[in-house]
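Here, each number is a calculation from the coordinates, and none is a lab measurement. As the structure is a computational prediction, the values presented were derived from the model and not from experiment. Methodologically, a virtual Cβ is constructed for each residue, glycine included, from the backbone with ideal geometry; neighbour enumeration extends over all protein chains shown.
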Amino acid sequence: MTLAVFQKGFNYVQDGRGNRLVYHLRGCNLCCPWCSNPEGMEFSAAPGTPVSEIVDEALSCRPMFFDGGGVTFTGGECTCQFDALKEALTLLKQAGISTAIETNGTAARLPELFGLTDELIVDCKHYDPGIHLHTLGASNETVLANIAAAAAEHPDLLIRIPLIGGFNASEEDMERFAELFLRLGADRARIELLPYHEYGKDKWAKCGKKYTVHDAFISPEQREKNEDILRRHGLTVVRT
Ligand code: SF4
């Protein structure tokens, strides 16, 4: 089996614990208007990299995995290449490498990866299924079911909300997120608010796509207020 990778490199802490070799897998089933990797959203028919090569590469990097590091698969959306991803995670786990994935949570088969990932990072972009569908191209129903399952079964779940002004970042929105996470039983998960940025904006034009997000920045004070709202509901807020 092969994996289509469009970018790889080391990253400290931002994509899981410690120093990690991060593989960005090509293709995504959502269309977030703020996506910072638009060059990785499209699927490709080009031949990918054999899973065995990726595993060998990771094994050769073992000395670099300090502070609890290892390998992270992100995207695009890594679960769009589900079977090859599962094989890679299986082989890495067997080799004793710490594994993590960052996912938009839309894969119905996601629970199959719970036992193969030491850390599971799931985005929750909106609490409302209709808004999720309208803005991102798919409902959040599977995402929420996966968060509930992971909250019950996965020992290390990090839920990330990209804070996008005008979309999901008001205090009322945070109340709704908090109520949702409690309803899903995610009170033991870590939750992180990631303020909107425009690091990927210039890449949209290069990909021949129009960037449509405006005025979506969040002030540091608003981020803190939103974190406080989650904490008041007994949730654990982190910054990685
Ligand atoms: S889920 Fe992630 S990769 Fe996919 S479009 Fe949204 S931000 Fe981009």
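Annotations for the structure displayed:
- The charge dipole of the chain, taken about its Cα centre with unit charges on the Cβ of Lys, Arg, Asp and Glu (plus for the first two, minus for the last two), comes to roughly 280 debye.
- Principal-axis tilt of helix 82-94 within the chain, Cα atoms, nearest 10 degrees: 70 degrees
- Summary of the geometry: the range 132-175 and the range 57-90, compared by the centres of their Cα atoms, lie 23 Å apart.
- Pairs exceeding a 29 Å alpha-carbon distance, out of 93/210; 93/203; 8/201; 8/206; 125/210; 125/203: 93/210; 93/203.
- Result for the chain in a Gaussian network model with C-alpha springs under 10 Å: among 125, 93, 206, the largest mean-square fluctuation is at 206.
- The relative contact order of the chain comes to 18 percent, based on Cα pairs under 8 Å that sit 6 or more residues apart.
- Taking the C-alpha atoms of the range 1-124, convex hull volume expressed per residue in Å³: 97 Å³
- Largest-first principal axis extents of the Cα set of the range 51-172 (Å): 47, 28, 26
- Between the Cα long axis of helix 171-183 and the first principal axis of the chain there is an angle of about 60°, rounded to the nearest 10.
- Mean residue ellipticity (222 nm) of the chain, computed from DSSP H runs ≥ 4 via -39,500 (n - 2.57), nearest 500: -9500 deg cm²/dmol
- Choice from 182, 158, 120 with maximal GNM fluctuation in the chain (Cα, 10 Å cutoff): 182
- Loop-located chymotrypsin sites (Phe, Trp or Tyr not before Pro) in the range 158-216 (DSSP state other than H, G, I, E, B) with a sparse environment of at most 13 neighbouring Cβ atoms within 10 Å: 199.
- Computed log₁₀ I(q)/I(0) - Debye formula, equal Cα scatterers, no solvent, the chain, q 0.17 Å⁻¹: -1.36
- The range 34-67 residues near the modelled residue 1 label - backbone nitrogen below 19 Å, point 7 Å along Cα→Cβ: 43-59
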